[in-house]
Amino acid sequence: MNAEKDLSLEPPDIYTKPGAKYLKKNRQWQGIPGIERTPNGRLWAALYSGGDTEGPDNYVALILSEDDGVTWSDPVLAVDPPGLVRAFDPCLWHDPAGRLWLFWAQSYGFYDGRAGVWAMVSNNADASVPAWSEPRRIVDGVMMNKPTVLSSGEWLLPCAVWGFRDKEGIQVASDYNHLPEQMYSNVISSLDNGESFQLVGQVDMPSRSYDEHMLVEKTNGDIWMLVRTYGGIGECFSSDKGRTWSAPKADVLEGPCSRFFIRRLHSGNLLLINHHAFEGRNNLSAMVSRDDGNSWEGFLLLDERDNVSYPDGVETEDGLIYVIYDRERYADKEIYLAVFEEKDVLAGKGVTDRARLKVLVEEGSSTF
């Protein structure tokens, strides 16, 4: 690394009153959203944009809804590093204590071979003007998917230092390969509720593509890791809370090489948001497993259109599920919300009075 690239290690500029630069009318593209919901019903959404593509001009923005996703605010917070450092891949997460975390990745240029996962925390995310902690860098790498809290109380974070392999799983020669000992789907642990973080495990998934892995605690206590691959989704298992892992198997679930979302529901069943019966990134669907991930059923079609992708979700205490995703990041530049219950998924259609699909969160600007 050189001194210029080390600018990515510096705290970024944080704007709690973002100006005109961050309004949707001035975005040439947008996408990669995340979502959370406070106990009082406020919806928070994160996205990133800036410049004409994924690169050094990128910033992260937060918007919110006070009416259950019907209308959304202009940005209420923006993370925008100076110069050629970009902020990207945001993640929103409520921890067990009710604090709202905003994670994002930070890198010099598109990717500098190291990047870094940063975080800020709000203890009053329902306030009219929420207060946020100072940004801090947690580990090397990128994390866009939510942490998992184990039954023991330990937090596991799915962070990756990108490995840049081809479809056959062969390492691609790259100027980005600066941390070979960390270029895996990594598992980061916190045993003190986010005060400190340690790298505890790694998985070398064949033909992985940007990793975007997620972690689930199985009913027998094993940890199940799912990783984005060129051919779909790969898996492996850990019986010691993510420290060591079984031999990874690529492409055990179908997928168009895209982000997915998996989470255990309050019912005890698993929810997976993935593309089903797809041709490319279409047919984004919700499915449920009642046997701990061995089989899937329901297949509620959330959006059949092309270029719908990158879902993130959250479930309320009373079983309402919110899933956010993007559509046509560079053309229509839209972000959508799907709202449903587990009953809707199992029925394969909206059967509850709370089900709403294709709810527009952000429409694209006609300026570009």
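Each reported figure results from applying straightforward, stated rules to the coordinates on display, with no laboratory input. In this text, all values refer to a predicted model and were calculated from it rather than measured experimentally. When we count neighbours, we look across all protein chains shown, and the Cβ atoms used for this are built from the backbone with ideal geometry, even at glycine.
Would you kindly calculate the translational diffusion coefficient of the chain, applying Stokes-Einstein with the Kirkwood radius from alpha carbon pairs, for 20 °C and a viscosity of 1.002 mPa s, and quote it in µm² s⁻¹ without decimals? Don't skip to the answer; put the middle values down first.
Values: Rh = 20.5 Å.
It comes out at roughly 105 µm²/s.
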Q: Would you compute, from DSSP H runs of 4+ residues alone, the mean residue ellipticity of the chain at 222 nm, taking -39500 (n - 2.57) per run and dividing by the full residue count, rounded to the nearest 500?
A: -500 deg cm²/dmol
Q | Only Lys, Arg (+1) and Asp, Glu (-1) charged, at Cβ; the chain dipole about Cα centre in debye | A | 160
Q: Find how much the distance from Asp306 to Ser267 grows on full extension, using 0.36 nm per residue of separation minus their present alpha carbon separation; answer in nm with one decimal.
A: 10.9 nm
Q. Using 0.36 nm per residue, how much length does the chain from Glu254 to Thr53 gain when fully extended, once their Cα-Cα distance is taken away?
A. 69.6 nm
(Q) Among the listed pairs Lys218/Lys343; Lys333/Lys358; Lys24/Lys146, which have their C-alpha atoms separated by more than 18 angstrom in this model? (A) Lys218/Lys343; Lys24/Lys146
